[in-house]
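The values are calculated or read from the model by the stated rules, or taken from the named source; none is laboratory data. Model, not experiment: these values are computed from the prediction. Cβ placement follows ideal geometry from the backbone for every residue including glycine, while neighbour counts extend to all protein chains displayed. Protein only, heavy atoms only, side chains kept; ligands, DNA and RNA dropped before computing areas. Shrake-Rupley method; radii C 1.70, N 1.55, O 1.52, S 1.80 Å.
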Amino acid sequence: MSPMPSRSLSSSNDFSKGSVAGNILRLALPMTVAQIINVLYSVVDRMYIGRLPDAAGNALTGLGLTFPILSIVTAFANLFGMGGSPLFSIERGRGDYEKAKTILGNTFALLIGTGAVLTAALLLLKKPLLYAFGASNATFPYADGYLTIYLCGSLFVMISLGMNQFINAQGFGRKGMMTVLIGAVANILLDPLFIFVFDMGVQGAALATILSQGLSAAWALSFLRGKKALIRLEWPYLRLKARLVWQIVTLGFSSFVMAITNSIVQVACNSTLQTFGGDLYVGVMTIINSVREVVSTPIQGVTSAAQPVMGFNYGAEEYRRVQSGILFCTLVCVGYTTLVWLLLFLFPEFFIGLFSGEAALREAAVPCMHIYFFGFFMMSLQMAGQSAAVALGRSKQAVFFSLFRKVIIVTPLTLLLPRLFGLGVTGVFLAEPISNFIGGAACYITMLLTIWRELSRRARTRGGTAEQK
């Protein structure tokens, strides 16, 4: 084992001590706030753009067309950030701080290198991609105007998302919250200035976003380079190690697949809706995706907070505590999503009205929202099951269920159902609840039969060994 870092572990950084639920909540509360604030980057853009004079509908639809490409940027940030941070937590739990530093440095190098290549590639391909994703001549100018500026700052997005995982993994949930709070507040202030005062429209929204993400990235790097971090980002550790890169990519692949498959589903939805319903229903999907981002944020906060706690305890061979973490995560997520499902069913107009004042959009969106969010609680089972798999380094299991729900179930149903029984656009929105029930149940049951059983066996073995000693 490596020597202790410059700051010794306090009780708040040692996840093998105290209540498991308390450790998760202590991280989850600031992380959930941070996730909500992070969602505001894009949600606030849509709220303002949905109220542009004369062309609000086309502008909002055009912005929705960029989602699949923005998801690609997020996917690569998740690939490295959410691949490196669980490994980092496990090594921190084992006390191998030298390896933890190497994981941190290699992750940062991967984010920088991949971000530069990705920016250049997407700028070259953006026009054919947007038309392939369902753009029309009326909506393309808005999509292109937003995307071009956003891509120029995508490196900031990758650094802030990817490196913030390592702030949270060290137990600094509030510092992690500040990473996104600084940028989100800046975005909220800059959006109306650039969009309306400077009359830049969708381009102003994109410029406000990337400048704000630049501030977030700067904060994250300054903390990880500073004296308060338990394990710091140091330049000698940026030299890539092939075996470690493979471990990071393998473990992060489930999060990458989740983001990429979101992109695939969005493309399938937009192109199918364009065929069966035109720009109006592409706009409806933009609103529903916006609502889903907001209401899903607390689940992501809890599952993200549970991962370093479970990973640390797994590395420390505290297997019963890992099981407690899984159980707590499941109960909180299912309870929350059941409540949200009820609210969305009873008050859909309120949520839709946050993003558009156009009567036609609002009228079309209500029945679509009722269908899309039916059985929403089942999605939380998949997130809880995958979170346990990622935290314990079971990358293949996590990847499989990411692919299973989005690629094997949602995408084919999105393309097929509108052509059956005269369902049309209804079939597109029906694909989501069907996938939630099948994918959520399959993922969670598999987790119980594999991960839960293994943890029980290891806990019994460890208990027997302790008694012999």
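Rounded, prolate or oblate, given the Cα gyration tensor of the range 123-200, with a/c below 1.5 counting as rounded? Here the range 123-200 falls in the oblate category. Using Stokes-Einstein with the Kirkwood hydrodynamic radius over Cα pairs, what translational diffusion coefficient do you get for the chain at 37 °C and a viscosity of 0.692 mPa s, in µm²/s rounded to a whole number? Stokes-Einstein gives a translational diffusion coefficient of 146 µm²/s. Between Ala242 and Ala359, the FRET efficiency from the beta-carbon distance, with R0 = 60 Å, is close to 0.55. Just the protein heavy atoms count here, and of the accessible area of the range 182-296 at 1.4 Å, carbon and sulfur take up 67 percent. Kindly express, to the nearest 10 degrees and within the range 0 to 90, the angle between helix 319-346's C-alpha long axis and the longest C-alpha principal axis of the chain. That helix lies at roughly 20 degrees to the long axis. In whole angstrom, note down how far apart the Cα centers of the range 279-352 and the range 395-469 are. Result: 15 Å between the Cα centres. Our note on the geometry: Cα centres of the range 194-255 and the range 79-144, 9 Å apart.
In the context of the full set of protein chains, the range 207-352 has a per residue accessible area of 40 Å² (1.4 Å probe). Which of Lys101/Lys175; Lys126/Lys175; Lys126/Lys406 have a Cα-Cα distance over 28 Å? Long pairs (Cα-Cα over 28 Å): Lys126/Lys175.
As a test of reading the structure, rank Tyr237, Tyr131, Tyr97 by solvent-accessible area (1.4 Å probe, protein chains only), most first.
Tyr131, Tyr237, Tyr97
Would you work out what percent of the accessible area of the range 385-469, with all protein chains in place, is carbon or sulfur (probe 1.4 Å)? That fraction is 65 percent. By how many degrees, 0 to 90 and rounded to 10, does the Cα axis of helix 242-276 deviate from the longest principal axis of the chain? With rounding to tens, the tilt is 20 degrees. Computed with every protein chain present, the accessible area of Arg457 is close to 120 Å² [probe 1.4 Å]. Relative to the longest principal axis of the Cα atoms of the chain, helix 20-49 runs at roughly 20 degrees. According to the square roots a ≥ b ≥ c of the eigenvalues of the Cα gyration tensor, what is the shape class of the range 301-380, taking rounded for a/c under 1.5, prolate for a/b larger than b/c otherwise, and oblate for the remainder? Cα axes put the range 301-380 in the prolate bin. Helix-only arithmetic for the chain: the sum of -39500 (n - 2.57) across DSSP H runs with n ≥ 4, divided by the residue total, places the mean residue ellipticity at 222 nm at -27000 deg cm²/dmol.
Here the calculated FRET efficiency for Ile434 and Lys227, from their Cβ-Cβ distance with R0 = 41 Å, stands at 0.20, rounded to the nearest 0.05. Quick one: grab the alpha carbon gyration tensor of the range 108-239, order the square roots of its eigenvalues as a ≥ b ≥ c, and give me rounded if a/c is under 1.5, else prolate or oblate depending on whether a/b is larger than b/c. Verdict is oblate for the range 108-239. Taking 0.36 nm per residue of sequence separation and removing the Cα-Cα distance, the Lys17/Glu98 pair yields an extension gain of 26.9 nm.
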